[in-house]
Every structure is written in C-alpha cells, then in structure tokens.
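Here's the structure we're looking at; comments come further down.
What follows is calculated from the coordinates using simple rules that are stated; it is not laboratory data. The structure presented is a predicted model; accordingly, all values stated were derived computationally and were not measured. With ideal geometry, Cβ positions are generated from the backbone for all residues, glycine too; neighbour counts draw on all protein chains shown.
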Amino acid sequence: MWEQLLPGLRIKIFFTILLGIVYPLAITGISHALFPRQADGSLVTAGGKVVGSELIGQNFTKAEYFHPRPSNAGNDGYDPTASGGSNLGPTNQKLIDRVKASVDKFHKENPDYHGPIPSDLLTSSGSGLDPHISPDSARAQAARVAKARGASLDEVNQLITQLTEPPTFGILGEPRVNVLRLNLALDQHWANR
C-alpha cells in the first residue's frame, strides 16, 4: 500500500514547496527588483506620509476636493477589504433609488453645473474602488472646487487637463483622472499661494 501512496505523497510535497513557497518568493523578488513602486502597492506620499494608493479609490467629501465615483465596497464604501460591485440590475429599485440619491446629492453639491451628469458620478465601478473619474466628471465638479478654493475655473480646468491620463497603450480604456492625484495637486498648487 505504501508503495502506491509514497510517490503521490512525494509529488504533493514537492509541488507544495515549489508552487506554494519557491514560486511566490521568486515572483515577489523579481517584481520588487523590476517594479519596486508597483510591487509595494503604488503608494502615494505627501509631506513624507503615505496618503493612499493610486490603485484604490478614497472618499473625498469636502467642497474643495473632487469627489470620486460612488462605492459599494463595505458598509460605508471604499473599504478595500470588501471590494465588490452591488450586483443590482437596471430594474432593481434599490439601484434606482441610489442613483436618484446620487443625482440629488450631485445637484446639491454642484449648483452651478447645468449639463448632463456624467454616468460615472452616479454609478459605482465593478470593484467599488475605482480611483479614477472621467475628465467630464472632473469638469462637472470644477466650478465647485474653484469656488471653494478661491481659484479661477480656468486654472482648475487646466489642472484637470494636465492630469488626464490617456487610454492605456493608446487604445485600452478611456481617458481618466486619478482623484487622489488630482486632489493632491490642488493642495500643492493652492498651498503655494
């Protein structure tokens, strides 16, 4: 009986060590050597402190900051340990009520904006942690941010244009603006005045 079990047990132990220990350590070492910032989570620092990651959205609620997409991750949103979409269909009343509440909230926060509200300000991403908004979403909030910071609308729009990222490799995805980077640029630009 052991003659039949031992080869299988040896193979299991070998592959457990190879694929469970050696391979992950090798890949971690290679990624740290080639892409150290990305391997550490693409962390963003300001004033010598880590303030977030380029890859995970955060909730900004003050008038002087650009606001991100709505989030369904966790009870209060933006919880990276509870990433996930709402899985609500377009006819689900909870989704309809949440989108209506997002429309009302947007109009209340941005009374000077009169165009169509970009959909990414009303709907959450698949993970609930998308750190980006569309350039149109940023421009829709620009008047509020400019007013709260005592800046001109043109200055804020120039900052949005400057920080707009093109589609990946020029073809994948849409142009986007990282909300954390944009808000940090606002703090830096208007702190120097």
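Structure summary
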| item | result |
| --- | --- |
| In Hz, Karplus ³J(HN,Hα) per residue of segment 104-116 (6.51, -1.76, 1.60; θ = phi - 60°; x = Gly, Pro) | 4, 5, 4, 4, 5, 6, 10, x, 7, 8, 10, x, x |
| Segment 1-40 shape via C-alpha gyration tensor axes, a/c threshold 1.5 | prolate |
| Peptides ranked, highest mean first, by Cβ atoms within 10 Å: ranges 129-139, 43-53 | 129-139, 43-53 |
| Tilt relative to the chain, helix 179-191 - C-alpha long axis, 0 to 90 degrees, to 10 | 50 degrees |
| At q = 0.14, 0.19, 0.20 Å⁻¹, base-10 log of I(q)/I(0) for segment 42-191 (Debye sum, equal scatterers on each alpha carbon) | -0.70, -1.27, -1.38 |
| Local electrostatic count, residue 18, Cβ distance below 14 Å [Lys/Arg +1, Asp/Glu -1] | +2 |
| Neighbour net charge for residue 124 - beta-carbon separation under 15 angstrom, K R +1, D E -1 | 0 |
| Hz values of 3J(HN,Hα) by residue in segment 85-96 - Karplus curve (6.51, -1.76, 1.60), Gly and Pro given as x | x, 7, 6, 8, x, x, 9, 6, 5, 4, 5, 4 |
| Residues 16, 164, sorted so that the one with the fewest Cβ neighbours within 10 Å comes first | 16, 164 |
| Nearest-ten-degree value, helix 2-17 long axis tilted from longest Cα axis of the chain | 30 degrees |
